[in-house]
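Worksheet: one structure, shown below.
The values are calculated or read from the model by the stated rules, or taken from the named source; none is laboratory data. This structure is a prediction, so every number in the text was calculated from the model and none was measured. Counting neighbours? That spans all protein chains shown, and the Cβs are built from the backbone with ideal geometry, glycine included.
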Amino acid sequence: MIVSGVLKPGMVLEGEVEASDQRKVSRSAYREAVRILVAKGLVYSKPKVGTRVNDRAAWHLLDPDVLSWIFQVEPDYTLVYSLFEMRSMVEPEAAALAAERRTPNQIKVMAAALEIMSRNKTTTKEWRDADETFHSALLEASGNAFLSSMTSSINAAVSWSTIFKQRHEPLKRDPVPDHRRVFKAIAAGSPSAARKAMGQLVRLALIDITTAPKWPGKVSRLKKATALHKAQKTRKTARKLSLLG
């Protein structure tokens, strides 16, 4: 109810006794649930004030649980755009570093993940697990401890956005070639090509969401058509990249 906007910032949650009775849970279970929400920044508690809903600015938005809650409802489309803006700033640079620092074992892990992805549909858990493995190996290959610490957050963003954009129908295009271009650039040791390929991967993933049926954002038919045109243009450009081989 908090992430969906039913409970607005500043609103006070019910008291422990009332809330536990309404939800038919023990008081200890309710206290634990509130403790988790406090730890993730969604609410705050003060003596004699009660537990109030926090402004979204205080939420730990990159927490995997918070990301999952956001995508399990119809999320604010501006928040989705913001998430992909963050990805577009982080992941291309991580890919560039990975092209410089990857180890043979990390290349093997990414190649194996790609093989699994190519054998499964994007709607399957097997595909999503392999996708997470691919992105995890890439962040690890960056050799940057701070980027590696973002693995669970990036994986949650990738996994839940994949589920979300297919909530009404399967994805119409195959994103594996996008990942393969990133892989080839990293394996070839080309930071510039890896950066460019990952940037395209993130942009196409966003276009997949905004052009999916029943996208909750206020996207007009003209904007959808423009997005599709950009996607087609991006794919044509990608085919021309020398890293396609």
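Worth pointing out:
- Within the range 53-77, residues that are within 17 Å of residue 152 (Cα to Cα) have Cβ atoms under 8 Å from residues that are assigned to a helix (DSSP H, G or I) and of a type outside the set (A, V, I, L, M, F, W, C) in these pairs: 62/153; 63/153; 64/152; 64/153; 64/155; 67/153; 71/161, counting only partners at least 6 apart in sequence or on another chain.
- Between 93, 74, the distinction of being modelled with pLDDT of 95 or more and surrounded by 14 or more Cβ atoms within 10 Å (Cβ to Cβ) belongs to 93 only.
- Taken together, 90, 158, 109 contain a single residue that is of a type outside the set (Phe, Trp, Tyr), over 15 Å from the mean Cα position of the chain (by Cα) and in the same structural domain as residue 196 (by TED's automatic domain parsing), which is 109.
- Here 148, 142, 192, 118 are screened, and the one residue that is in contact with a Leu (Cβ under 9 Å, 6 or more places away or on another chain) and either surrounded by fewer than 19 Cβ atoms within 10 Å (Cβ to Cβ) or not assigned by TED's automatic domain parsing to the domain that holds residue 88 (or both) is 148.
- In this structure, residue 88 does satisfy being in contact with a helix residue (DSSP H, G or I) (Cβ under 9 Å, 6 or more places away or on another chain), buried (at least 17 other Cβ atoms within 10 Å of the Cβ), among the polar types (S, T, N, Q) and touching a residue at least 40 places away in the same chain (Cβ under 8 Å).
- Picking from residues in the range 91-129 that are among the aliphatic types (A, V, I, L, M) and without any contact (Cβ under 8 Å) to a residue 24 or more places away in the chain, the one that is farthest from residue 166 (Cα to Cα) is 112.
- Restricting the range 87-137 to residues that are of a type in the set (S, T, N, Q) and not in a helix (DSSP H, G or I), the residue that is farthest from residue 207 (Cα to Cα): 103
- Selection status of residue 6, aliphatic (A, V, I, L, M), over 19 Å from residue 149 (Cβ atoms), in a loop (DSSP other than H, G, I, E, B) and not assigned by TED's automatic domain parsing to the domain that holds residue 142: yes
- Scan the range 26-70 for residues that are at pLDDT 90 or above, hydrophobic (A, V, I, L, M, F, W, C) and part of a loop (DSSP other than H, G, I, E, B) and the total you get is 4.
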